Amino acid sequence: VNIGVDITRNTVINGFTIKLAKGGYNAGIYSLGTPTISNNRILGHEEADTGPLCWYQMGIVFYNSTSTPSALVQYNIIDPKWSSTTDNITYGIYIQDSEPEINLNYMISGGSGVTGSYTYGIYIIGEY
């Protein structure tokens, strides 16, 4: 789901199951705007990907979403699954230069048993 910069909290994504694709750089929801995201299941793919193209799996991405009021993320189940090969990274919620309000979500982190791979529930980078 791609959310444009003009989307505000009045736009609601509610009650969906969103599954990430295999490979490359994937996000269930990628937002430049400030929507309300509630009561959803955001899930990574079910099986481990042993190929070299499963580098970043992200449940929700907020990138440069600085409008007021901020995005609202609540009552979701977020499970990006696991890092299955070397140099893979999974994020439940990835926030860069944004200020979403995050309340009462259920985050599942599968972890990693592989050297050089990481799993984050919420990852914040940049100015906020």
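The values are calculated or read from the model by the stated rules, or taken from the named source; none is laboratory data. Predicted, not measured: the structure shown is a model, and the values here were computed from it. FYI the Cβ positions are ideal-geometry reconstructions off the backbone, even for glycines, and counts take in every protein chain you see. Side chains included, ligands, DNA and RNA excluded: accessible areas come from the protein's heavy atoms. Shrake-Rupley method; radii C 1.70, N 1.55, O 1.52, S 1.80 Å.
Select from region 17-39 the residues that are in contact with a strand residue (DSSP E or B) (Cβ under 6 Å, 6 or more places away or on another chain), among the polar types (S, T, N, Q) and assigned to a loop (DSSP other than H, G, I, E, B) and list them in ascending order. Result: 39, single match.
Of the residues making up region 1-13, not a single one is of a type in the set (A, V, I, L, M, F, W, C), at pLDDT below 90, closer than 19 Å to residue 102 by Cα and in a strand (DSSP E or B). Within region 104-128, residues that are more than 14 Å from residue 59 (Cβ to Cβ) and assigned to a loop (DSSP other than H, G, I, E, B) reach partners that are open to solvent by 50 Å² or more (accessible area, probe 1.4 Å) and at pLDDT below 75 with beta carbons closer than 6 Å, at six or more positions or on different chains, in the pairs 114/86; 116/86; 116/87.
The residues of region 100-112 that are at pLDDT below 90, surrounded by 15 or more Cβ atoms within 10 Å (Cβ to Cβ) and out of contact with any Gly (no Cβ under 7 Å at 6 or more places or on another chain), listed by number, are 108, 110, 112.
Looking only at residues of region 79-99 that are at pLDDT below 80 and exposed (fewer than 15 other Cβ atoms within 10 Å of the Cβ), we find that the one that is nearest to residue 56 (Cα to Cα) is 87. In region 60-71 there is no residue that is modelled with pLDDT under 90 and under 13 Å from the mean Cα position of the chain (by Cα).
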